[in-house]
Amino acid sequence: MRRICIFTSTRAEYGLLRGLIQSLAATENIQLQLLVSGSHLSSEFGLTIEEIRNDGFNPDENIEILLSSDTPQAICKSMGLALMGYGEALNRLRPDILIILGDRYEAFCAAASAQICRIPVGHIHGGEATEGLIDEAFRHSITKMAHLHFPSYEGYRRRIIQMGESPERVFNVGSLGVENIRKISILSREDLGKTIDLSLDGPFFLVTFHPVTLETTTSGEQIQALLNALNKFSGFNVIFTKANADTDGRIVNQMIDKYCDIHKESCFAVSSLGTQRYLSVMKLAELVIGNSSSGVIEAPSFKIPTINIGDRQKGRLRPLSVIDCLPKEKAIESAITLALSEKFRLSLKNMKNPYEKVGTAQAIKDVLRTFPMDGILKKTFYDLPITLTGNVEIGD
């Protein structure tokens, strides 16, 4: 029996992991463990642990770490609580391997705790770049603490190897989020409309906007520019999904709530739609607007345009459906106009999503079931072949 522990701390991360969790739970000789933390346990962010329970899973450990503030100082304190709580939880669970997805500070703390507790780490979505976020450094730090790697694209696999990770431990499996689109039953417009307090009879936008955490004091200015641009498209309703527990995330959410109060007939905001509703909204929307990774990775599979605002996703591979623009009102307005044009939409007809591969969850599960765990903690730095002038070799 191999004990596999999945860590999750946000709605988005759980939505990506959901298919893998279901597959592991249904597999013989695997004991699934769930370590739940972060915004899952906060009513302010939708208390999304209920989504996990509604899927039939009872978390083994619930570790609360969030404070009632999103300043850098508060997040540092949350990280301290996370290190203490995760270390204690992992000591109780003693998994054979801990699975972490992504790059958030909670994930970094989970990886650091596992490192100290001498528990191997499997990392999903490593090797990527998000140059506008503090998460960039967290992601690569998790890579160096991880022992098995599951990147979503061949270029990211090569980058992980470039960072000194042994090729036989790095598996290009594609994106779990893209695979979800092929597996989850997408709701019809009629059924979706029954669950949302907004008319879906006409066209609408899906908007997900988060703070750019490597920038200071820009969140309010950037979300205001987006809201001003949306005013120019009065013929479209808007469904907002709110920001996660990041620095200045509350500023973004407060401004979205205020905007929706003013435009009650055409706007709807929610902390979490859940995986099925979110993907259903994405499929039915005219376009996706904001700076979420879902607009870059998942939305292209629906062949609908994405307006990617600012630097939050800078560095990630861009499918053809993604239109980058500055976080300025006029730039956002121009990008939306282009995305709505018939010429641009027709250009996406034969587009393929580079993040898509067949059998992503199965590929990860197969590695987790069969990869030898004896001695897995002992890593050596993998050096790429280097040619230097003057016949000098490494080690001289």
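Key figures for this structure:
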{"read-out": "Which numbered condition residue 131 fails, given (1) farther than 17 Å from residue 308 by Cα; (2) part of a loop (DSSP other than H, G, I, E, B)", "value": "(1)"}
{"read-out": "Count - residues of segment 120-138 that are touching a helix residue (DSSP H, G or I) at 6+ places or on another chain (Cβ under 8 Å), surrounded by fewer than 24 Cβ atoms within 10 Å (Cβ to Cβ) and free of Cβ contacts under 8 Å to residues at least 40 places away in the same chain", "value": "1"}
{"read-out": "Which numbered condition residue 17 misses (of (1) closer than 27 Å to residue 372 by Cα; (2) buried (at least 18 other Cβ atoms within 10 Å of the Cβ); (3) free of Cβ contacts under 8 Å to residues at least 60 places away in the same chain)", "value": "(3)"}
{"read-out": "Residues located in segment 44-66, provided they are assigned to a loop (DSSP other than H, G, I, E, B) and either surrounded by 14 or more Cβ atoms within 10 Å (Cβ to Cβ) or under 19 Å from the mean Cα position of the chain (by Cα) (or both)", "value": "46, 47, 48, 55, 57, 59, 60, 64, 65, 66"}
{"read-out": "Residue 197 vs. criteria more than 21 Å from residue 306 (Cβ to Cβ), at pLDDT 90 or above and either of a type outside the set (Gly, Ala, Ser) or in a helix (DSSP H, G or I) (or both)", "value": "no"}
{"read-out": "Qualifying residue in segment 366-389 (condition: farther than 30 Å from residue 166 by Cα, in a loop (DSSP other than H, G, I, E, B) and outside the structural domain of residue 212 (by TED's automatic domain parsing))", "value": "no"}
{"read-out": "Hits in segment 31-43 (condition: among the small types (Gly, Ala, Ser) and not in a strand (DSSP E or B))", "value": "38, 39, 42, 43"}
{"read-out": "Count of residues meeting criterion [of a type in the set (A, V, I, L, M) and within 21 Å of the chain's Cα centre (by Cα)] in segment 27-43", "value": "4"}
{"read-out": "Any pair with Cβ under 8 angstrom, 6 or more apart, that starts in segment 148-177 at a residue that is on the phi > 0 side of the Ramachandran plot and in contact (Cβ under 8 Å) with a residue 40 or more places away in the chain and ends at one that is crowded, with 19+ Cβ neighbours inside 10 Å and not in a helix (DSSP H, G or I)", "value": "174/152; 174/153; 174/355; 174/356"}
{"read-out": "Residues located in segment 78-118, provided they are of a type in the set (D, E, K, R), part of a helix (DSSP H, G or I) and surrounded by 14 or more Cβ atoms within 10 Å (Cβ to Cβ)", "value": "88, 106"}
{"read-out": "Residues satisfying the stated conditions in segment 299-358, i.e. in contact (Cβ under 8 Å) with a residue 60 or more places away in the chain and either touching a Pro at 6+ places or on another chain (Cβ under 7 Å) or of a type in the set (S, T, N, Q) (or both)", "value": "301, 309, 310, 313, 317, 353, 354"}
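The values are calculated or read from the model by the stated rules, or taken from the named source; none is laboratory data. Predicted, not measured: the structure shown is a model, and the values here were computed from it. Using ideal geometry, Cβ is built from the backbone for each residue, glycine included, and neighbour counts are taken over all protein chains shown.
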